[in-house]
Amino acid sequence: MKNLFVYIECEAGRVADVSLELLTKGRELSNRLGVRLEAVALGKGVAALQPLMADYGVDTLWVADDPLFEPFRTLPHTAVLTALIEREQPQIVLFGATCIGRDFAPRVSSALHSGLTADCTQLEIGDHSDPKSGKHYTDLLYQIRPAFGGNIIATIINPDHRPQMATVREGVMLRATAAEKGAAEVREIAWREALSDSDLAVKIIEREVAERKIDIKGAAIVVAGGYGVGSKENFALLHELAEVLGGEVGASRAAVDAGFAEAERQIGQTGVTVRPKLYIACGISGQIQHTAGMDQSAMVISINTDPDAPMTRLADYAITGRVEEVVPKLIQFYKKNSK
Amino acid sequence: MEQKFQIVVLAKQVPDTRQVGRDAMTAEGTVNRAALPAIFNPEDLHALELALDLKSRIAGAEVRVLTMGPQRAAEIVREAMYRGADGGYLLSGREFAGSDTLATSYALACALRKVGADLVVAGRQAIDGDTAQVGPQVAEKLGWPQVTYAEQVVKVDGDRLQIRRRLAEGVEVVECPLPMVITVNESAPACRPRNAKRLMCYKLARTRSELLEEQSWVVERVEAMPELQIVELAAADIEPDMAQLGLAGSPTKVKRIENVVFQAKEAKRLTASDEELEALIVELMAAHTIG
Ligand SMILES: Cc1cc2nc3c(=O)[nH]c(=O)nc-3n(C[C@H](O)[C@H](O)[C@H](O)COP(=O)(O)OP(=O)(O)OC[C@H]3O[C@@H](n4cnc5c(N)ncnc54)[C@H](O)[C@@H]3O)c2cc1C
């Protein structure tokens, strides 16, 4: 019970960003609880992640280093991780809320009969008193997530079951190497004992994956367009502004649905989360499901014909006007003043 | 007699959280659930379509819907029947109240064992919780493999299915032995619409409890026609370990619910005039926010 696990998602030697974000958060939580931070990686050549894990302050790196585990398949990953958790008894286990994490974390939680909270956006440590039983719990993991279509924020706890498990959304937590390097001692998981033949019953016959071509997560400046941009042609103005400012173009779901922008650009609850230093919202009303993906931006400029659009409440600057008029002027004045 | 192949679709009636507009929020900013229409969870409709498609490809296949919820959730079973399902089950009772995903999965798995299934198909996630946990957890409880994010069954090959899955960065085709749990993605084909003839035929489909409120001619009709009987299952019918049901069987507890209220900043208001926009650009450049 003196450790916290982070599942490391890794393909072809590349670790998913969200896993590093979780290590950063995991290090903070481990320090707070006075426990060890332990990473678990299954795949081909995962022992080679040792130096990276050390940078993120990992104390122990558990590996099942075998081609069998790549590409990801639900059953072998579930069997091996479940067996390791049963043996090592971590108090907390964290996964990225990715296709992979959301596929097998529920299965692991069911096998262990312990609770799992999906799609957390915040994790904290805190206490709890049960009003009915009068029992007091210290140092629980507060698993905080949007619920009910993003209209409420719920704090979930697992008072009586261990481990406390959560999947965490990509991009919502900061990623930073640890102040102090970890030992990242590599330990082999006894994975062969954990597997049975039936765990290998599902076969991958075909697989076509492409690198993400559009990646707006890391952009320092995001120029985002909504339904109010009006057309794909007008969206070109946003691309031009993003280009001169050295930023990326984002979009609301309404803009994606209307075909103004690619799905990879969608920001919000069902899209990506961004935290740029400047977010320029063009013709975006500012519904909760959208703002959930951008409300941690350092500065927000909203361009909207409606002075009372909800986005105004998040904005540092609210420009009342039409996108097609304001954006070209911003481009013009930027060019003029940057010479 | 022909060998039957039972496909069970897990479906949920949910409040339409997409309709949470300004009117569906109270003055205090809480969700006014009563103002939201109850609908067939969108991805469960995709799951129903995938099941109905398979019914036409597997000899002796039947599609039945299993839903857990209050009495009014029987509507989900009727809706599925209008679109092509052969019947369904309503799992209902106070014992299930307060279930988290694990307790829900346990109850559904018990019910599935009771009614018998060769294949379970569910939507990836429900729009009121968005957890995507119930499908995989039901699979684990049954000890079956799972195929998540399914778009299409590309091949039925004896006791194996080849299924195309949608991943974040591409697609994958997997081959999985039956029985299995499939969860269906929103990118899968949309569900066929209601069929007018089926609507006429099945609008009288009722659960046992619903019949208590009906006129005698309806009761007689339903009693005479088994296909109009929606099977109602109570906790006792699925022979569960009671400790694993409902609130008591749920490891996760809700500690706190907060409404999303914006920390309203005082926005600096600008017009679209040249002077104001240029002043803004100059200010942002001076602060090194841009440039
Ligand atoms: C479960 C769920 C998940 C969701 N997930 C997401 C998500 O991830 N991301 C997301 O964005 N949405 C999401 N949504 C949808 C969300 O609720 C909103 O419908 C969507 O964000 C609205 O997009 P919008 O602001 O572009 O469009 P609208 O709400 O239609 O707003 C258009 C805005 O443009 C302004 N406007 C019109 N013309 C002009 C003009 N010429 N110049 C300037 N302004 C103009 C209007 O005043 C208005 O404010 C989700 C919804 C649900 C139910």
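Structure summary
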read-out: For a label point 7 Å along the Cα-to-beta-carbon line of B:Arg160, residues of region B:42-62 with backbone N under 12 Å; value: none
read-out: Gyration tensor verdict on region A:221-337 (Cα atoms; rounded if a/c is under 1.5, prolate if a/b is larger than b/c, oblate otherwise); value: rounded
read-out: Dipole in debye (nearest 20) - region A:3-200, about Cα centre, beta carbon charges: Lys, Arg +1; Asp, Glu -1; value: 380 debye
read-out: DSSP beta bridges in the protein assembly as shown [antiparallel fraction, %, rounded to 5]; value: 35 percent
read-out: Shielding by partners - mean other protein chain Cβ count within 10 Å, residues of B:173-186; value: 2
read-out: Of B:Leu36, B:Ala188, A:Thr98, farthest towards positive along the dipole that unit charges on Lys, Arg, Asp, Glu beta carbons give the protein assembly as shown; value: B:Leu36
read-out: Along chain B, longest interval not containing exposed trypsin sites (Lys or Arg not before Pro), exposed being DSSP loop plus at most 16 other Cβ atoms within 10 Å; value: B:58-193
read-out: Anisotropy class of region A:73-153 from Cα gyration tensor, a/c 1.5 cut; value: oblate
read-out: Under-5 Å amide H pairs with A:Gly96, H placed in peptide plane, nonlocal only; value: A:Val168
read-out: Rg(Cα)/(2.2 N^0.38 Å) for the protein assembly as shown, N = residue count; value: 1.02
read-out: B:Glu214/B:Glu186 FRET efficiency (R0 25 Å; Cβ-Cβ; nearest 0.05); value: 0.10
read-out: Fully extended contour minus Cα-Cα distance, from A:Ala210 to A:Glu325, at 0.36 nm per residue; value: 37.7 nm
read-out: Dipole of chain B, positive direction: furthest Cα of B:Leu45, B:Gln6, B:Tyr149, with charges on the beta-carbon; value: B:Gln6
read-out: Label point distance in nm, B:Lys4-A:Asp197, each placed 7 Å from Cα along Cα→Cβ; value: 3.2 nm
read-out: Positive-end residue, the protein assembly as shown charge dipole about Cα centroid, Cβ charges, pick of A:Met311, A:Ala184, A:Cys10; value: A:Met311
read-out: Rounded to the nearest 20 debye, dipole of chain B from Cβ charges on Lys, Arg, Asp, Glu; value: 620 debye
read-out: For region B:240-247, 3J(HN,Hα) per residue [Karplus equation, 6.51 cos²θ - 1.76 cosθ + 1.60, θ = phi - 60°, Hz, x = Gly/Pro]; value: x, 7, 4, 5, 9, 9, x, 4
read-out: A:Gln332 paired with A:Asp306, simple spin-label distance in nm, labels 7 Å along Cα-to-beta-carbon; value: 2.8 nm
read-out: Residues whose placed amide H lies under 5 Å from that of B:Gly88, excluding near-sequence neighbours; value: B:Val65, B:Val231
read-out: Extension gain, B:Ala59 back to B:Glu283 (0.36 nm per residue minus Cα-Cα distance, nm); value: 73.5 nm
read-out: Amide H contacts of B:Ala61 (H built 1.01 Å from N, under 5 Å, at least 5 apart or other chain); value: B:Phe5
read-out: FRET efficiency, 1/(1 + (r/R0)^6) with R0 56 Å, evaluated for B:Glu169 and B:Gln71 via beta carbons; value: 0.80
read-out: Sequence of B:Ile290, A:Ile267, B:Ile39 once ranked by neighbouring C-beta atoms within 10 Å, starting from the fewest; value: B:Ile39, B:Ile290, A:Ile267
read-out: Extension gain from B:Glu258 to B:Glu227, taking 0.36 nm per residue of separation minus the Cα-Cα distance; value: 6.6 nm
read-out: Reachable lysines, given that their alpha-carbon falls under 24 Å from the alpha-carbon of B:Lys197 and they are not under 8 places away in the same chain; value: B:Lys55
read-out: In Hz, Karplus ³J(HN,Hα) per residue of region B:167-181 (6.51, -1.76, 1.60; θ = phi - 60°; x = Gly, Pro); value: 9, 4, 10, x, 10, 9, 10, 10, 10, 9, x, 6, x, 7, 10
read-out: Per-residue ³J(HN,Hα) for region A:50-57, Karplus 6.51 cos²θ - 1.76 cosθ + 1.60, θ = phi - 60°, Hz, x for Gly and Pro; value: 3, x, 4, 4, 4, 4, 8, x
read-out: Sequence of A:Ser109, B:Ser250, A:Ser19 once ranked by neighbouring C-beta atoms within 10 Å, starting from the fewest; value: B:Ser250, A:Ser19, A:Ser109
read-out: Rounded, prolate or oblate (a/c below 1.5 giving rounded, otherwise prolate when a/b exceeds b/c) for region A:114-242 by Cα gyration tensor; value: oblate
read-out: Exposure proxy order (Cβ contacts within 10 Å, fewest to most) of B:Met180, A:Met53; value: B:Met180, A:Met53
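Where a number appears in this text, it was derived from the coordinates with a stated rule and is not lab data. Remember, it's a predicted structure, so these values are computed and weren't measured experimentally. Note: ideal-geometry Cβ built from the backbone for every residue, glycine included; neighbour counts use all protein chains shown.
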